Amino acid sequence: MIELKNLTKIYPSKTGETVALEDVDLSIPDGSIYGVIGLSGAGKSTLVRCIDLLEKPTRGQVLLDGEDMTAAKKKRLSELRRSIGMIFQNFNLLEQRTAAANVRFPLELNKTPRGEAKQRAEELLSLVGLSEKAEAYPSQLSGGQKQRVAIARALATRPKYLLCDEATSALDPTTTESILQLLKKINRELGVAIVVITHEMKVVERICTHVAVLDRSRIAEAGRVEDVFSFPQSEIAKQLIIPNLIRSLAGSGGSKLRLVFRGGGSGEPVISGLAIECGIPANILFADTRRIDGKTFGHMVIELTGDQKQNAAAREYLAAHDVIFKEEL
Amino acid sequence: MSDVLISLFRDNTMWLGIWQTVYLTVLSTALAYAIGLPLGVLLCTTGRGGLAPVPWLNKLLGAIVNIFRSIPFLILMVAFLPVAKAIVGKSYGPAAMVVMLVIAAAPYVARMVESSLKEVDAGVVEAAKSMGANPFQIVWKVYLPEAKPSLLVGAVIGMVTVLGYSAMASTINGGGLGQIAIFYGYNNFKDDVIWMCVFFTVIIVQVIQEGGMFLAARTDKRLRAKAGRAKKCGRK
């Protein structure tokens with residue numbers, strides 16, 4: 001488990017200080033895929049770089065399985081870093097080395113015997129589906145292939161954690177999807193916990209089990225994806241997760257309900273049922289469903305146009321059909 | 001062709017001069033790199049934002065390098081004759097000349113090495129750090145191999161510069177084409193001797209330049225991508 005405690009990072013600047021992170025507390029459970037999402041400048045990259053101590057936090061602790069990395073001596077820090085792999089937006093491959101030699105690089109650093117390193121590189125390249133490109137140089141690879149090599153390289157030392165700093169932001173949608181599936185496979189098959197820094201909601205939707213929403217250097221909210229996605233509490237989370245919802249609530253009118261579908265429920269024709277069985281006309285103001293982690297999740301905002309009694313009946317009907325709803329306005 | 005020039009070819013003085021020029025240039029450049037390369041690595045790594053920032057050391061080394069680089073070679077040569085004597089026992093001859101060339105070229109090499117290393121993508125260095133590489137490993141396994149093509153180009157420029165200096169250094173009886181041009185040509189009013197020496201010097205420079213560039217291009221694994229990009233630009 002990686003735990004961040006009161007993590008604060010302040011950069012000195014000409015006009016005083018720039019606070020990049022303020023009192024960030026976060027626990028990344030083993031085996032999870034933890035998304036950290038936020039707008040540009042929210043402090044996402046600083047956060048991930050602090051986990052690896054590429055940036056030294058101004059205050060606070062980074063605990064790796066209970067051991068404080070910020071207090072570790074240089075040599076111990078090098079060892080701890082080997083249990084955390086990292087991939088980057090720009091891949092950061094060694095341009096003068098072949099794909100296989102790039103994967104062997106971290107093994108050379110910890111003086112793994114040559115034969116063993118060679119075999120490990122072959123295994124990893126086959127894991128990421130690039131066996132036939134082992135002898136290619138980065139300049140001969142596409143963006144997606146480069147990121148695969150980077151992933152193989154990050155996994156070479158059998159880390160328990162993998163940090164992804166905007167790893168798919170430079171890739172097209174199809175390639176992004178294939179990289180995300182690869183990360184998921186790595187999480188599932190190797191049990192590596194993954195921290196995904198991104199500004200794209202769909203990345204979190206596709207693979208994450210947990211999410212933290214970062215806003216202006218602070219964590220606005222964090223938790224399991226289905227919880228945060230179903231009931232975003234903070235303004236920023238609502239903005240990121242259901243941007244159209246806020247707009248749909250703006251109009252005036254009858255009482256509005258936000259229905260939340262949490263896996264499976266959205267297959268039933270609840271709304272038409274509402275109209276047919278109860279005879280209550282519901283005006284759909286907004287609807288958005290998506291599949292996360294194989295289950296269907298969604299939001300729908302309806303406006304109940306009936307009188308008090310009818311509306312109460314509608315609420316009962318919804319509750320009876322296991323639809324979670326929340327009054328809005 | 002004057003008699004002097006003909007006799008220079010006959011008694012092999014000219015060929016010996018060419019050999020000496022090549023030999024002294026290569027030797028001096030190699031020794032200049034022995035000092036300049038570590039110095040350049042230190043300049044790059046101890047600087048602000050470098051691998052292991054040591055500001056005072058960086059400032060000190062930078063100042064020393066700048067001082068040596070701002071002294072014109074001719075003056076440096078005269079001023080450091082006692083140093084050459086202390087090192088090789090003589091203040092004249094080929095050995096003294098090598099000392100002069102190394103003193104002049106090492107700071108120059110250091111700056112070129114520094115700039116080559118600074119071209120290495122900071123992201124790659126960061127990636128190596130995140131894998132637990134120590135500063136020594138980063139220099140050895142990231143900076144130097146990644147900067148290799150650029151370092152080779154720098155070495156070519158350095159070698160040609162040393163060759164130019166070596167002509168001047170010939171005046172302290174160091175040997176080589178420079179000495180032949182002065183002693184047999186200029187002092188004897190034989191212009192053809194001077195021009196013949198210039199001709200051979202040009203040939204040597206060409207060989208170093210083209211050979212070095214060929215080597216640099218061949219070792220650079222990024223070249224394919226560059227060629228591709230160039231083509232794209234061409235099509236536009």
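Laboratory data are not the source of any read-out in this text; all were calculated from the coordinates shown. For clarity, every value in this text was computed on a predicted model and none was experimentally measured. All Cβ positions, even for glycine, are placed from backbone atoms using ideal geometry, and neighbour counts span all protein chains on display.
Projected over every direction and averaged, the convex hull enclosing the alpha-carbon atoms of the stretch A:29-134 yields 8.8 nm².
Placing unit charges on the Cβ atoms of the charged side chains and taking the dipole of the stretch B:1-110 about its Cα centre, the candidate lying farthest along the positive direction among B:G93, B:L31, B:M14 is B:L31.
With 10 Å bins beginning at zero, the pair-distance distribution over Cα atoms of the stretch A:120-206 amounts to 17, 53, 28, 2 %. Considering only A:S139, A:P106, A:T46, and ranking their Cα positions along the charge dipole of the stretch A:2-232 that arises from unit charges at the beta-carbon of Lys, Arg, Asp and Glu, the one farthest toward the positive end is A:P106. Here chain B is assigned +1 on the Cβ of each Lys and Arg and -1 on the Cβ of each Asp and Glu. Its dipole about the Cα centre then comes out at about 1160 debye.
Other protein chain C-beta atoms within 10 Å of residue C-beta, averaged over B:138-146: 2. Calculated on the Cα set of the stretch A:2-232, radius of gyration then Dmax: 17.5, 54 Å. Antiparallel versus total DSSP beta bridges in the protein assembly as shown: what percent is that, nearest 5? Counting DSSP beta bridges with both partners in the protein assembly as shown, the antiparallel share is about 70 percent. The Rg/Rh ratio for the stretch B:3-235, using Cα coordinates for both the radius of gyration and the Kirkwood hydrodynamic radius, is 1.06.
The Cα-based radius of gyration and maximum Cα-Cα distance (Dmax) for the stretch B:46-159 are 17.4, 53 Å. With the gyration tensor restricted to C-alpha atoms of the protein assembly as shown, the semi-axes of the equivalent ellipsoid amount to 69, 24, 21 Å, longest first.
Give me the tail of P(r) for the stretch A:42-104 as a percent: Cα-Cα pairs with distance above 19 Å.
That tail contains 41 percent of the Cα-Cα pairs.
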